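Student: Structure incoming, see below.
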Amino acid sequence: MKQKQQRAWKANLMVPVRDINGLRGTFEFLRNITKPKGSIKLLGIEPFTEHSTLAIQLEDISASFREKGVFSSSTVIHTDQFANGINYSSQALNGAFFRPNIMFLNLQDHDDYENELKPVMKESMRLEIGILLFNLHTTTLLGQRNTINVWVSDRRGNWELGGLDIGNLDLSILVAYKLKMNWKASIRLITVVENPNDANKAQAFLESLKELARLPQILTEVSVGKFNDYVTKAPSSDLNIFGMQDTLPYDFIKNMSQKTNSSCLFVKDSGHESILA
């Protein structure tokens with residue numbers, strides 16, 4: 001089943017929620033990732049209280065998603081342990097026929113990144129669930145929604161595009177493509193190589209990726225130098241998408257948002273997506 005889903009891929013998000021205002025702030029972004037055939041599972045996490053309104057608020061927002069063309073459902077887990085509540089839910093849904101295939105984490109100032117978000121990311125990787133870690137810029141937000149930068153890491157001499165395995169790029173490009181269609185935006189693939197001899201190979205890799213992924217209108221940019229030096233001078237965009245090989249250090253996440261002066265999305269493939277399928 002998993003192999004056959006590559007061609008029929010759609011974004012089925014699990015969205016943990018304990019701050020209803022944070023969810024409202026990402027409403028359109030979530031809708032644009034999933035529309036038209038994806039789904040959104042809202043998972044409320046809170047300690048038990050007799051007078052809680054979280055379940056009602058989540059159902060109202062689920063209804064709004066459905067009214068705007070995206071299937072959505074909601075539930076609430078009562079627990080004092082934020083990470084455990086999410087992970088137990090992921091484990092329980094792992095055997096479901098229509099299980100979520102992406103964990104969407106909205107990084108907010110009150111989140112404990114090390115003790116709350118990192119354990120969720122690690123468990124999602126173990127369960128082979130894709131990860132989208134979103135850091136909304138406090139002032140630029142999502143800008144004009146005209147341009148999306150997708151960063152391709154330096155492959156250090158390994159620029160051959162063979163088979164369907166292109167590294168941790170599939171989910172990044174799939175999400176960027178969904179946003180491109182719903183925003184009517186443009187996508188730019190960017191890579192920075194330290195070895196000048198890799199520049200032409202990197203450009204050829206990006207061009208081949210465009211052709212094989214059937215995305216001819218994507219822009220490409222190859223620069224020679226240090227990533228940290230170039231990222232502040234890169235062409236501006238309304239959203240920057242970075243891949244992550246493992247759970248990222250918190251400083252890197254915050255630094256990227258500041259250096260690009262934009263909202264950033266950090267992505268980890270589940271291993272079951274393929275932009276080339």
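The values are calculated or read from the model by the stated rules, or taken from the named source; none is laboratory data. No experiment lies behind these values; they were computed from the predicted model shown. FYI the Cβ positions are ideal-geometry reconstructions off the backbone, even for glycines, and counts take in every protein chain you see. Protein only, heavy atoms only, side chains kept; ligands, DNA and RNA dropped before computing areas. Shrake-Rupley method; radii C 1.70, N 1.55, O 1.52, S 1.80 Å.
Student: Hey, any hits in the stretch 26-39 for a residue that's under 27 Å from Ser263 (Cα atoms), in a strand (DSSP E or B) and open to solvent by 50 Å² or more (accessible area, probe 1.4 Å)? Outline the logic, then answer.
Tutor: Quick first cut of the stretch 26-39, residues under 27 Å from Ser263 (Cα atoms) only: 26-39.
From what is left, the residues that are in a strand (DSSP E or B) are 39.
Among the residues that remain, those that are also open to solvent by 50 Å² or more (accessible area, probe 1.4 Å) are: none.
The answer is no; no qualifying residue exists.
Student: May I pose another question? From the list Ser236, Ser263, which residue is hydroxyl-bearing (Ser, Thr, Tyr), modelled with pLDDT of 95 or more and either under 19 Å from the mean Cα position of the chain (by Cα) or open to solvent by 50 Å² or more (accessible area, probe 1.4 Å) (or both)?
Tutor: Working: Ser236 fails: modelled with pLDDT of 95 or more.
So the residue among Ser236, Ser263 that is hydroxyl-bearing (Ser, Thr, Tyr), modelled with pLDDT of 95 or more and either under 19 Å from the mean Cα position of the chain (by Cα) or open to solvent by 50 Å² or more (accessible area, probe 1.4 Å) (or both) is Ser263.
Student: On to the next question. Check the stretch 79-88 and report whether any residue there is in a loop (DSSP other than H, G, I, E, B), open to solvent by 40 Å² or more (accessible area, probe 1.4 Å), modelled with pLDDT under 95 and over 30 Å from Glu194 (Cα atoms). It would help to see each step written out before you state the result.
Tutor: From the stretch 79-88, those in a loop (DSSP other than H, G, I, E, B) are 79-81; that's our starting set.
Next cut, open to solvent by 40 Å² or more (accessible area, probe 1.4 Å) only: 80-81.
When the remaining residues are screened for being modelled with pLDDT under 95, the result is 80-81.
Still in the running and over 30 Å from Glu194 (Cα atoms): 80-81.
The answer is yes, given that some residue of the stretch 79-88 is in a loop (DSSP other than H, G, I, E, B), open to solvent by 40 Å² or more (accessible area, probe 1.4 Å), modelled with pLDDT under 95 and over 30 Å from Glu194 (Cα atoms).
Student: What number of residues within the stretch 190-202 are farther than 15 Å from Ile166 by Cβ and either at pLDDT 95 or above or not in a helix (DSSP H, G or I) (or both)? Give the derivation first.
Tutor: Going residue by residue through the stretch 190-202, those that are farther than 15 Å from Ile166 by Cβ are 190, 192-200.
Now drop any that are not either at pLDDT 95 or above or not in a helix (DSSP H, G or I) (or both), which leaves 190, 192-195.
Matching residues across the stretch 190-202 total 5.
Student: So, one more: Of the conditions (1) open to solvent by less than 20 Å² (accessible area, probe 1.4 Å); (2) of a type outside the set (A, V, I, L, M); (3) outside any loop (DSSP other than H, G, I, E, B), Trp159 satisfies every one except a single condition; which number is it?
Tutor: Here Trp159 meets the rest and fails (3).
Student: Only one of these conditions is not met by Asn168: (1) more than 30 Å from Glu28 (Cα to Cα); (2) at pLDDT below 90. Which number is it?
Tutor: Evaluating Asn168 over (1) more than 30 Å from Glu28 (Cα to Cα); (2) at pLDDT below 90 leaves (1) as the failure.
Student: Might you let me know whether the stretch 163-176 holds any residue that is assigned to a loop (DSSP other than H, G, I, E, B), touching a strand residue (DSSP E or B) at 6+ places or on another chain (Cβ under 7 Å), in contact (Cβ under 8 Å) with a residue 24 or more places away in the chain and surrounded by 13 or more Cβ atoms within 10 Å (Cβ to Cβ)? Steps first, please.
Tutor: Taking the stretch 163-176 and keeping what is assigned to a loop (DSSP other than H, G, I, E, B), we get 163-169.
Next, only the ones that are touching a strand residue (DSSP E or B) at 6+ places or on another chain (Cβ under 7 Å) stay: 168-169.
Applying the additional criterion that residues be in contact (Cβ under 8 Å) with a residue 24 or more places away in the chain yields 168-169.
If we keep only those that are surrounded by 13 or more Cβ atoms within 10 Å (Cβ to Cβ) as well, we get 168-169.
Scanning the stretch 163-176, I find at least one residue that is assigned to a loop (DSSP other than H, G, I, E, B), touching a strand residue (DSSP E or B) at 6+ places or on another chain (Cβ under 7 Å), in contact (Cβ under 8 Å) with a residue 24 or more places away in the chain and surrounded by 13 or more Cβ atoms within 10 Å (Cβ to Cβ), so the answer is yes.
Student: Looking only at residues that are among the aromatic types (Phe, Trp, Tyr) and under 15 Å from Pro249 (Cα atoms) in the stretch 104-139, which one is farthest from the chain's Cα centre (by Cα)? Steps first, answer last, please.
Tutor: Of all residues in the stretch 104-139, those among the aromatic types (Phe, Trp, Tyr) come to 104, 113, 134.
So of that shortlist, the ones also under 15 Å from Pro249 (Cα atoms) come out as 113, 134.
Details: Tyr113: 17, Phe134: 7 Å.
Filtering first and then ranking leaves Tyr113.
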